[in-house]
1. For residues that are in a helix (DSSP H, G or I) and buried (at least 23 other Cβ atoms within 10 Å of the Cβ), scanning just the stretch B:307-348, find the one that is farthest from the other protein chains (Cβ to nearest Cβ).
2. B:Arg36: touching a residue at least 12 places away in the same chain (Cβ under 8 Å), under 16 Å from B:Ile180 (Cα atoms) and outside any helix (DSSP H, G or I), yes or no?
3. Condition first: open to solvent by 50 Å² or more (accessible area, probe 1.4 Å) and without any contact (Cβ under 8 Å) to a residue 60 or more places away in the chain. Can you find one or more residues in the stretch A:136-146 that meet it?
4. What number of residues within the stretch A:7-60 are within 14 Å of chain B (Cβ to nearest Cβ), touching a Phe, Trp or Tyr at 6+ places or on another chain (Cβ under 7 Å) and part of a loop (DSSP other than H, G, I, E, B)?
5. Among the residues of the stretch B:211-269, which ones are in contact with a Lys or Arg (Cβ under 6 Å, 6 or more places away or on another chain) and at positive phi?
6. Which residue out of A:Leu107, A:Leu93, A:Leu179 is more than 30 Å from A:Ser29 (Cα to Cα), at pLDDT 90 or above, more than 18 Å from the chain's Cα centre (by Cα) and more than 14 Å from chain B (Cβ to nearest Cβ)?
7. Taking only pairs six or more apart or across chains, which ones have beta-carbon atoms under 8 Å, a first residue in the stretch A:39-52 that is over 25 Å from B:Glu379 (Cα atoms), and a second residue that is part of a loop (DSSP other than H, G, I, E, B) and of a type outside the set (A, V, I, L, M, F, W, C)?
8. Consider only pairs whose beta carbons are under 7 Å apart and that are at least six residues apart or on different chains; among these, list those whose first residue lies in the stretch B:433-444 and is under 17 Å from B:Arg477 (Cβ atoms) and whose second residue is among the charged types (D, E, K, R) and at pLDDT 95 or above.
Amino acid sequence: MTSLQKFAAMTLTGIALATVLSVAMMRTSYATQFRNIPNAVPSHQHWLGTDDLGRDRFTRLVYGTAISLSLAPIAAFISVIFAACIGGMAGYLGGAWERVITAAVELVLCMPWLFLLIAVRAMMPLNISPLLSVIVTFSLLGSLGWAASARVVCASVSSLRDSEFILRARASGTPGWRLLFVHLLPNLKPVLGAQFLISVPVFILTEANLGILGLGVSEPLPSWGSLLTELESMHGFASAPWKLVSLVLLVLVVISFQLIISSDEVSA
Amino acid sequence: MKRTVLAVLACLLLLPLGLLAQVRNELRFYLHSDPRTFDPLLVTDESSDTISFLTTGRLVCVNRETQALEPELATSWKTSRDGRTITFKLRDRVFYSDGSRFDAEDVAATIKRMMDPNTHSPFADIFGAGTLTARIVSPLEVKIISSTPVAGFDRIFDQIAIVSSRSPLKEKAALGPYFIADYKPGSFIYLKRNPNYWKRDGAGKQLPYIDGIRLEIQANRDIETLRFLRGEIDLINSLDSEHYDQIAQSAPASVHDAGPSLDSEQMWFNQVANAPIPPYKRAWFRSTNFRRAIAFAINKQDLARVAFGSHAQPAVGPISPANKFWFNRNLPPAKYDVNAAMKLLQQDRFRLDGGTLRDEGGNPVEFSIITNAGNMYRERMATMIQQDLSKIGIKVNVVTLDFPSLIERITEKFNYEAALLGNINAGLDPNEQMNMWLSSGESHQWNPREKSPETAWEAEIDKLMKAQSVSTNPAQRKKYFDRVQEIVVQQEPFIYLVNRDALSAISPSVIGAHPVVLRPETFWNIEYLRLGSNARGK
């Protein structure tokens, strides 16, 4: 691990710890509307001012960060599981199976999945709590965003399948399940780890995109996406630069993940 | 050295353009999309409507400031007692932009073409199933006969643009103050002053004063605001409160808040009998007490102040106070009263149980409000309503949907509980809202397409709306429609939230502008607008 990667890991840990501590110490609810002071400037009561409904922006940023940082890894985990199963199966079975599954993966990759997400979200029941809606949103992200990872996993399994140690294991009569769990999966760990780290910032950004379109997390729950909608117009942040904090935090997190990934990808 | 030479060359090249701009007397503003049509009889979108307004002539015109009907191409008119015939006396010596003469034949041809089913003119729909025919009495007199009585017959002709029957340019031959001189799709439309325009000012000078209008096509409101602040465009016809405040900060003299517009924002509950919602929820939504309680529990003052930055007014009822004639001034003002809400709920045997409101059967009161994603104002209002209703123990889930999904839910599947949307009223007459108030109407959103009225109050509204639509006595019509407004306020099928203000921006260099609440807010008196000495290019 290089010093830059150590720094990135420390930054992520720092942000996560600060978020957890802030959530624990927070006195104001992220939903409380101080309607007499909408769009207030920063003060000792409201460190980052208030939003257009008078809600404390700092509280919303802390909760939004907590939500995005805790749920994006879950979505990434779901997506990696899907990728491991589908890509692993294609690579392990090989031949016609591999061609069919790879074609299916290509098809999934071709889909405009932002629109797919919007369509799937529109079909969801309306009466679900904001927390459940955010969990469903990230689960959808995870269950729809596995295709790119599946392709990488398939390629890795294919190369492992033809490797000498697998051939020897086969020749010595090792059963299929043992081959998969004892020989293949442990060798896939770095690839799956890298795919996980790649997926986390992707899902964070996708949720932010959905949030900017107004289709992300339900009100009043905050997320980075809903916080970034404040920056839609240039006027929005030119007159109130403290609104940029959510963007800075998002960029910092995404860059940190990218910096960590590079080492994992290389080692994978 | 090279750079200096280039700079000098650039200045030399720009010099003629600057000189050209100086001699131009040109108004500039933005259209937010390409016009779908230049045929004034087929106009359905805002951009086409703007072009139609600037280039066509009408027999009569609603003065956007006084809301009174004034003569235009017709010098006088008379409606028969039975409301089926209207006779127009036409202005003499009026010519189209191409020099062809205007007379009764054009009016008759316009009516014939508009009513032809093959034209698919949206204006034919105003007359419903009735037919309209024109009979030429003389070149300067025409009778228009309807098969059914038409209420407010004369005012309808404010919307109908007269098209030439003889000009080879057809609908592009302009009777209005301007004609279309150039059009580059996706880029701009250039309108030139109509040299044959009939209108003159008090001193006898031919109108309009401004020689040309350049309408650039630009959908981005941020760019529009920025270019207005730079002085590159002269007006913004309709602003939202965010951009209004942005302009007000640096150019306070340029912004105009004309007060509440005709548009309203409202929410309603799904009362459709076979909607896929639990029966106990349908029972809540069909209860007048429940709906009225919700109306009392929503702080409309706060919605107007916080969600719209004080550029909206709490709505009183279905008609905005901006509609001077039809607004019922006897309606009580909007009231925020949590205690009154609780009393009404108790009448329906709702009870508070540890901070949660429960109905008679013990079901917690929880429902979802759907609205269109990306509409910042509606999202804000829904979130504020969520907090307001939590004070009486109601849990509201705010769901933002993409527009097609939302429309599908409220018009076809009826798979929703409450919706928050707006109503854009372009016209003043209640006849334009028939589809919304008749129980059989498609836009009777809380329960559309009823075979027969499902409640007594809906039956009464049906009766009143039908009566006003055939009455030719304005006072009687007003009486009927006042009662409709009373019923709506008592029953709250729509909970009217706010009326947005009509916001606009006009450069101080545009002289003679008086922004109003009716469309087109800023250039309704385009003929009389002038560009002052500090105008761009002067």
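The values are calculated or read from the model by the stated rules, or taken from the named source; none is laboratory data. Here the structure is a predicted model, which is why all the values come from computation and not from measurement. Here the Cβ is made from the backbone with ideal geometry for all residues, glycine too, and neighbour counts use every protein chain on show. All accessible areas refer to the heavy atoms of the entire protein, side chains included, with ligands and DNA or RNA removed. Shrake-Rupley method; radii C 1.70, N 1.55, O 1.52, S 1.80 Å.
1. To start, the set of residues in the stretch B:307-348 that are in a helix (DSSP H, G or I) comprises B:307, B:338-347.
So of that shortlist, the ones also buried (at least 23 other Cβ atoms within 10 Å of the Cβ) come out as B:307, B:341, B:345.
Working: B:Ala307: 8, B:Ala341: 18, B:Leu345: 20 Å.
Here the answer is B:Leu345.
2. Judged against the criteria, B:Arg36 is a match.
3. First pass over the stretch A:136-146, keeping only residues open to solvent by 50 Å² or more (accessible area, probe 1.4 Å): none.
Looking through the stretch A:136-146, none of the residues is open to solvent by 50 Å² or more (accessible area, probe 1.4 Å) and without any contact (Cβ under 8 Å) to a residue 60 or more places away in the chain.
4. Result for the stretch A:7-60: 3.
5. If the condition is that a residue be in contact with a Lys or Arg (Cβ under 6 Å, 6 or more places away or on another chain) and at positive phi, then B:Gly231 is the only one that fits.
6. A:Leu107
7. These pairs meet every condition: A:Ser43/A:Gly49.
8. Filtered contacts from the stretch B:433-444: B:Leu438/B:Asp462.
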